[in-house]
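What follows draws every value from the coordinates through simple rules; no lab data is involved. Keep in mind that this is a model prediction, so the values were computed, not measured. Cβ atoms come from the backbone with ideal geometry, glycine included; neighbour counts cover every protein chain shown.
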Amino acid sequence: MPVPQPTGKKLLQLRLINMNILLQRLTSRERQILKLVGGSFSREDMRSKLKISRRNFNSNVSSLYKKFDVNNLKSIYTYCKLKGLI
């Protein structure tokens, strides 16, 4: 017998709970990157301000994308800002 999948309001609540858990698991570097995204810095400017290599920066950004299942830093930043996490 198939397990019923949550829909509507219940699904939204589950997604918000999952997002809050993800936010608690952000590394300090990931938080720093998100704060710089809010300052509308370019990727190069952010990397320069953090004094990290392009590879390290891209690795952190990829980690953020995977954690939030998106491919846009602005979306993650907006959510975190609304939640008062950055």
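Under 15 Å from the Cβ of residue 49, count the other residues' Cβ atoms, weight Lys and Arg +1, Asp and Glu -1, and hand me the total. Please report the intermediate quantities before stating the final value.
Details: positive: 29, 31, 35, 43, 47, 51, 54; negative: 30, 44, 45.
Here the count lands on +4.
Using the crude model of +1 on Lys and Arg Cβ and -1 on Asp and Glu Cβ, and no other charge, please compute the dipole size for region 28-86 relative to its Cα centre, in debye to 20. Don't jump to the answer; show the numbers that get you there.
Values: 14 positive and 4 negative charges, 31 e Å.
Dipole about the Cα centre, nearest 20: 140 debye.
Give me 37, 61, 70 ranked fewest to most by other Cβ atoms within 10 Å of their Cβ, as a rough exposure proxy. Each step should come with its number before you reach the end.
Values: 37 23, 61 19, 70 13.
Placing the least packed residue first, the sequence is 70, 61, 37.
With each pseudo-label sitting 7 Å past Cα toward Cβ, what's the residue 72-residue 28 distance in nm, one decimal?
Taking the simple label geometry, residue 72 and residue 28 are separated by 3.1 nm.
What's the ranking of 53-59, 28-34 by average number of surrounding C-beta atoms within 10 Å, highest first? Walk me through the numbers on the way to the answer.
Working: 53-59: 12.3, 28-34: 17.9.
Packing proxy ranking, top to bottom: 28-34, 53-59.
Once the other residues with Cβ under 10 Å from the Cβ of residue 58 are scored (Lys, Arg +1; Asp, Glu -1), what is the net sum?
Details: positive: 43, 47, 54, 55; negative: none.
Around residue 58, the charge tally is +4.
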